[in-house]
Structure formats: C-alpha cells, structure tokens
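Have a look at the structure below, then the notes.
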Amino acid sequence: MGETSWEEINEGAPGANYGWPLAEGPSADPDFTDPFHFYGHNEGCAITGGAFYEPPVLAFPTGYHGDYFYADYCGGWIRRIDPVTDTDAAFAGGIGFPVDLKVGPDGALYYLARGDGVVGRISYSAADPPAITLPPADRTVAVGTSATFTVSATGAAPLTYRWRRTGNLITGATGASYTLANAQLGDSGALFDVIVSNDFGSATSDTALLTVTQNTAPAAAITQPVFGTTYAGGSVINYAGTGNDAEDGVLPASAFTWWVDFHHADPTPHTHPRMAELSGSKSGSFTIPTLEETSPNVFYRFHLRVTDSGGLTHSVSRDIQPRKSTVTLATNPAALQLRLDGQPVTAPHTFVGVEGITRNLEAVSPQGTSWVFSSWSDGGARVHDISTPTADTTYTAQFVGQAAVSIDIANMSMLEGDAGTKTAVFPVSLSSASAAPVSVGWTTTNGSAKSGSDYAAGNGTVTFPAGSTSRTIAVTINGDTAVEANEIFYVDLSAPSGATVADARAVGSIKNDDGTGTIAFGASSYQKAESGGSATIAVTRSGGLGAGMTAQYATTNGTASAGTDYTSTSGTLTFAAGVTSVSFQVPLTNDTRDEVTETVNLSLSNPAGGAVLGTRRTASLNIVDNDTGGVLSFSSGAYERSESGGSATIKVLRTGGAASGVTVHYATSAATASATDDYTSATGTLSFGAGQTSATFSVALRNDTVNEANETVNLVLANPTGGAKLGSQPTAVLTILDDE
C-alpha cells in the first residue's frame, strides 16, 4: 500500500497502529508501527501483487522458500524479500504493468501483466529448455504494407531465434519478432513459425498464417468528443465516430469497438482501464467518476477501432483534459492541523484539483490544550466531503478556545493496623497544566468496607491552582484486631470545573493484617526452558500480614537430576510486615541433549513467626528441553550427472537444529536406469555429528557405449534417529545423462 511518496509492506500484528492515513513510509511517531519494508515513488508507484513462496512443490532453490514476492505496476518489476533478514533483492523486470502475482501448485511464480496482455510463468531450472508462451498470431495486411510476427518464450538465457517461412529458414531473421516489409499478393498464404533454442534444447512455435489482400484498410474518425473537450468529475462525455472503407463503404455499428483509458502522470506516466472494450455501437456515453485519483496530472483517452469485412483495422484516439481549480484550506486561528483525504496538513494548505472530484476535509479536534473545532465556512460537519469547486475557493475551519484538561484519580492500598487510625492518600492529577484554576468534587462510597467501622466517610472539593497538576485526597482508616477478609471502598469524582473527568472512581483496598499468615506456593507448577538461566519461584502470604514471618524451601529430584539438569537449592524465605509475596531462584543447566521435559520437586516447611503452610505447600518445576535433532532433506529434488562422470555426489541437508548427533538411512532404486548396466545400487547410513548441517553419499555410474536416452534413478531417505525428522524433500531423482 502507499499514497503520495512511499509504498510499504506491513507485518500484521494484534493492536498495531500503522499510522494510515496519518503517515506513510517510516514515521518518527512512537505510537505508529513502521512498515516491515518500504520504498519511494522514484522506484515505482503501486504494489499490485504479493505472495509468499510456500508451494506444495518446491521448484525454486531452498533459499527462496518463505520469501515474499511483490510486484510494482509502474516499475514493471518483481522483487523478493527474506522475511527473516529483511533482505530485498531484484527478481524480474521488463514486465508491462503487472497487476497480480501468485505462486502456483507446481512451484512456479505466475504474474498477470496488463500492458503485455499475458499471464507469465517464471520457473527455475539450472538447465531450462525453451518453452513457447505466446506463439506468433495470424496476420491480415493490405498489399504494400508490412506484417510483423512476434513470439514470447521462456528458458535459460541466452535464447536464440530462427524464423521460417513455409518451413524454410529466413536469412537474418534472428530476433523475437520478424517483419515482412511490402507484402504482396504472392505472399498471401505463407506460413511463418520460429525455432527458439538455447544450450538445453529448442522449441518450435505454432505456424501463423499471412493473408495479403487487395482490400484497403478502413478509415476511422472520432467526431465526439471534439478536439479541446474538457471534463469535470461527474461529466457525461458523449462519444461518436465514423468508419468508411473503400470496398465496404460506410461500416456498420458491428465494425466499431470503443474503450476508455485513464492516464495518470504521478509518479511516472501510466494508465488505468476505465471502460473495457465495447463493440457494436457507433456512439455512446461515458460518465467521469467523482471518486477518482486526486492528482491534477491526469486525463482520459477515448479509443475507436474499426474493422472491415476483410479483417483490416484502423484505430484512432481522442484525449480530453480536466478542468482545474485551486483550493485553499485555512484555520482560524492560523497554523492548526487539518486532514485532506485523511492526510495531515498544516493550514494554510493550497492544492490544485480536478473540478467535481470528491475530496474529504477534516478538522482535527481538540488540538493542544486550548482549541476545539467549531464550524467550517461551507457549513459542513467536522469531517465532510466536498466536490472540488469550479472556482478557486478557500475553506476555513473555525476553532474556539476550550479547556482540554482531564482529571484522573489513582487507586490506593494499605494495611489497616491493629488500633488507632491511619491515613489513606489518593493521588489526583491533571493531564496537563491549566491557565485557570481547576476543581472537582469528591465523596466516599461503601464497598465491602463500611464507613464508621472500617473507614471514616468523607467528601469535599479538590482545587488545582493555575499551573498545578497534582493534589491528594485523604481518607481515615480505622485499625482493629479482627481476623477478616481484605475490604474495599471507593472515592468518586464529580462536578468538574475547568476540565473533564477521565477516571471518575478510585478503589481503596484495606488489607487485613490480623491472625495467622498462610504461606503457600503461588502456583501448583512452574515452567522454564532449560536455556532460561534460572526459574523464579513465587511464594505468597495471605491472612495476617502485620508481623514478619518465615518458611524454609527446598528442591529435590523429580525426573530431573540435580547437577546435570539443575542446581539443588534450599533456604529460608522472609516476609517483612505487610509483604505478600517473595521468591527464590532455581538455577538451570542448559545442555545439548535432546530429551523430554523434566521435573523438579519444590517444597515448603518449618513456618515461623505465626505463619502456617497452606494447601499448596508442594509444587513442581517443569524444565522444558530446547534441543532438537533437526530436519533432514535432500538439497534438491533433482540431480544430474553424465554417465562418464564416474559417480554422482548426493547432498543431504540438516536444518532447524544440530545440537546432537543424528543418522538417516539412504537408498537407491531403479527408475528407467538399470542397476546392472547403468549404475551401482547404493544404500547405507549418513551420520551427522553435533553441529554438522550437511553430509553426502555417492552413486557410482557405469559408462557404456550405447547411444540411449537419459535414464533416472530414485533416491530416498528413511529411518532418521537422534530426534531428527524427515523434511519436505525425503525423495529425489538422479538423471544419468547419455554422452554417446
């Protein structure tokens, strides 16, 4: 996606704000998530297709797997990104206005090119023979004119071309197209084809028939719209034309074909289809859209093509230019922020637009701490659409001064005490300083705590002098020795003056500190990866919190072993008065063994200081293994070797982990090749040491003197050990190339 300056690719994430439409490309705003990848409009204009390379059949090299391919309409190119490293690399170019991109089930990359009028296929092979993708088409031309035949082909470069006429090579015709100049009646009926070759083979196109006729080409003319016609958004443009032919006379409506293209010059000249080809009428009408590209550097082109009974054609076109006006966006007071079509601008902002095109205006409100939107000069809402006017016009957004300060109150928590009173303090704050005093009323409200017995009810007014941003509210808490649950009450704000209330209620928590304190593990089980260094074990205290208390802790083996999987630990946990949670650490050993998750037993004992142990006096720690044997696959789905080469070396790759040693069985089996005459059967076990990511085995080849076709051998991997798994390429084919 993109707008005026940048094209960008974003990585979707929950809750992410990519800044659109307030920002495009990289942004300095910390609230916005920058694009994963972006480029300027000096390189292209619009991303029109994208696809991850994750086909069911991997036809490209393994380094392409998982890459993201994307195309640009104006640039006419395809590029690829490695999502892991953000490495961007060129892939293909010279494509006529690509509009879509897909990965096929065969592993090839397909693109739709509007400018070329083709669906292109990009495949990979180290030895790719030519393939005809677009054969030459039949041509009908008048006597004395030229006829051009063109072919499109794929294959490993370089490609060579040899054109033939009725089976005979044409001297000097060695390009992707061939033009026969000054065609005569004697050339009519000739068949043309082309042989496309490279180092790995050749392909011959279908034949194209040349028809040369004494018929003269028709003459087309556009009578409407007339030269100099201009347009605005919403304009109805009538089109009409004539078609005459020396042989057919006045051509019928069935000979007429019309279409309309929209031309856009920013950032580089390109076109968009607006009316598809329409045949069968000499006239019609086309309505200019009002929701259209907002750039003023645009125009529409009307096309007419007429075809006579002999198949000869003539095409003409007529351009119509836009009517434009200058629009100024202003604010009162000046220099405030507005948005034009969702994009931020600072007033005054002036732009040139095409009359009648819909634009969206927005007054940003509030702004700073002082200004809120009041009205637009055209009477529109704060956010509204306009039709670009016929005359130069200024639209002014009126703002009025108003406090945009908000009031917030924070929660509070404290121990009640055994006797007397304590003071609970609630912080109250302003979002920003105000030039005038701010005040807000407050009152206490019962929750599970009751006024009189647990706290003293209160109410009043908090006043912030000009420039001040913080105040407090004090509530008296009553101490007692009753064993009871923790309790809460509320402080509610109301009736603000000079500001708004952002948070109208705070919670006051009165924590019981009487009676026996109960000490227990915070969870029945804990989990940590063995590479995590150490596991933090939380122990909690509830009930009596007024005094200091202790308990002892210790670790013992579960399925994990002290010394090899973790370090045995024990000690005393101390809870100071009012403290509800403490923790201890269990150091973990990070090894390279591929093993199951293992457990450590945790226990609490010997509570002191008036404490007792809760029901969760034991727990377990799960140590999660982080080692794997990796994934084993052939490095390629296809290998080749000349029969005179002696042997073929086959590489097997290990990815996704190499912490320990693993093995895998390999074997060959005959396909079209014979294990007796063409190669020697190979079977065995490949071993990968710790850290080793590739290994090879060889298939011995038999060199004979028989002139024969290329032959194939099946290769297979099986029975991986050591925690390894087979990957997406457990089979492959070895082709033995005949060299007689």
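This table checks each residue for (1) outside the structural domain of GLY420 (by TED's automatic domain parsing); (2) loosely packed, with under 15 Cβ neighbours inside 10 Å; (3) farther than 20 Å from ASN446 by Cβ.
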residue	(1), (2), (3)
ALA466	no, yes, yes
ALA474	no, yes, no
ASN478	no, no, no
PHE489	no, no, no
ASP492	no, no, no
THR500	no, yes, yes
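Going by the conditions given, is SER325 under 37 Å from the mean Cα position of the chain (by Cα) and within 23 Å of ALA265 (Cα to Cα)? Spelling it out, it is not the case that SER325 is under 37 Å from the mean Cα position of the chain (by Cα) and within 23 Å of ALA265 (Cα to Cα). Looking at the structure I just gave you, is SER644 within 30 Å of LEU715 (Cα to Cα) and surrounded by fewer than 19 Cβ atoms within 10 Å (Cβ to Cβ)? Criteria met by SER644. So, in segment 107-135, how many residues would count as being in a loop (DSSP other than H, G, I, E, B) and either hydroxyl-bearing (Ser, Thr, Tyr) or farther than 24 Å from PRO61 by Cβ (or both)? So the answer is 8. The strands (runs of 3 or more DSSP E) found wholly in segment 478-579 and carrying at least 1 residues that are over 30 Å from ASP591 (Cα atoms) occupy 487-497, 505-511, 517-521, 534-543, 549-557, 570-575.
Only one of the numbered conditions (1) outside any strand (DSSP E or B); (2) more than 19 Å from LYS282 (Cα to Cα) is violated by PHE262, and that is (1). Exactly one residue out of TYR161, TYR110 is under 30 Å from PRO55 (Cβ atoms), within 48 Å of the chain's Cα centre (by Cα) and aromatic (Phe, Trp, Tyr), and it is TYR110. Just one residue in the set ASN622, ASN557 is within 41 Å of the chain's Cα centre (by Cα), surrounded by 14 or more Cβ atoms within 10 Å (Cβ to Cβ) and over 30 Å from SER687 (Cβ atoms); that residue is ASN622. The number of residues in segment 294-335 that are in a strand (DSSP E or B) and either crowded, with 18+ Cβ neighbours inside 10 Å or not β-branched (Val, Ile, Thr) (or both) comes to 25. Consider GLU7 carefully, then state whether it is of a type in the set (D, E, K, R), touching a strand residue (DSSP E or B) at 6+ places or on another chain (Cβ under 7 Å) and either part of a loop (DSSP other than H, G, I, E, B) or buried (at least 18 other Cβ atoms within 10 Å of the Cβ) (or both). In short, yes. Within segment 274-286, the set of residues being surrounded by 12 or more Cβ atoms within 10 Å (Cβ to Cβ), within 37 Å of the chain's Cα centre (by Cα) and not hydrophobic (A, V, I, L, M, F, W, C) comprises just one member, ARG274. Restricting attention to segment 93-106, the residues that are within 21 Å of the chain's Cα centre (by Cα) and part of a loop (DSSP other than H, G, I, E, B) add up to 1.
Only one of these conditions is not met by THR649: (1) in a loop (DSSP other than H, G, I, E, B); (2) surrounded by fewer than 18 Cβ atoms within 10 Å (Cβ to Cβ); (3) at negative phi. Which number is it? Of (1) in a loop (DSSP other than H, G, I, E, B); (2) surrounded by fewer than 18 Cβ atoms within 10 Å (Cβ to Cβ); (3) at negative phi, only one is false for THR649: (1). When SER453, SER429, SER413, SER375 are screened for being outside the structural domain of SER235 (by TED's automatic domain parsing) and part of a loop (DSSP other than H, G, I, E, B), only SER453 passes. Check segment 601-612 and report whether any residue there is assigned to a strand (DSSP E or B), closer than 30 Å to PHE688 by Cα and among the β-branched types (Val, Ile, Thr). No, segment 601-612 contains no residue that is assigned to a strand (DSSP E or B), closer than 30 Å to PHE688 by Cα and among the β-branched types (Val, Ile, Thr). Would you pick out the residues in segment 681-705 that are more than 42 Å from the chain's Cα centre (by Cα), of a type outside the set (A, V, I, L, M, F, W, C) and closer than 28 Å to ALA724 by Cα? Within segment 681-705, SER681, THR683, GLY684, THR685, SER698 meet the criteria. For GLU247, the criteria (1) in the same structural domain as SER281 (by TED's automatic domain parsing); (2) assigned to a strand (DSSP E or B); (3) under 26 Å from ARG139 (Cβ atoms) hold in every case but one, which is (2).
From the residues in segment 37-54 that are out of contact with any Gly (no Cβ under 9 Å at 6 or more places or on another chain) and of a type outside the set (Gly, Ala, Ser), which one is modelled with the lowest pLDDT? Once the filter is applied, the top-ranked residue is ASN42. Filtered by the rule that a residue be among the small types (Gly, Ala, Ser) and surrounded by fewer than 17 Cβ atoms within 10 Å (Cβ to Cβ), segment 336-357 gives a lone residue, GLY342. Restricting the search to strands (runs of 3 or more DSSP E) fully inside segment 660-740 and requiring at least 1 residues that are touching a residue at least 60 places away in the same chain (Cβ under 8 Å) and surrounded by 13 or more Cβ atoms within 10 Å (Cβ to Cβ) gives 662-670, 711-718, 731-737. Put simply, of ALA648, ALA611 the only residue that is among the small types (Gly, Ala, Ser) and outside the structural domain of SER534 (by TED's automatic domain parsing) is ALA648. Selection of first residues in segment 51-72 that are within 19 Å of HIS37 (Cα to Cα) and of second residues that are surrounded by 13 or more Cβ atoms within 10 Å (Cβ to Cβ) and polar (S, T, N, Q), restricted to Cβ pairs under 8 Å at least 6 apart or on distinct chains, gives the following pairs, ordered by first then second residue: ALA71/THR48; ASP72/THR48.
Look at segment 441-470: where a residue is farther than 22 Å from VAL501 by Cα and a partner is in a strand (DSSP E or B) and of a type in the set (Phe, Trp, Tyr), sitting 6+ places away or on another chain with Cβ atoms under 6 Å, you get ALA449/TYR455; ALA449/PHE489; TYR455/PHE489.
The values are calculated or read from the model by the stated rules, or taken from the named source; none is laboratory data. None of these values were measured; they are calculated from a predicted model. Note that we place each Cβ from the backbone using ideal geometry, even for glycine, and neighbour counts take in every protein chain shown.
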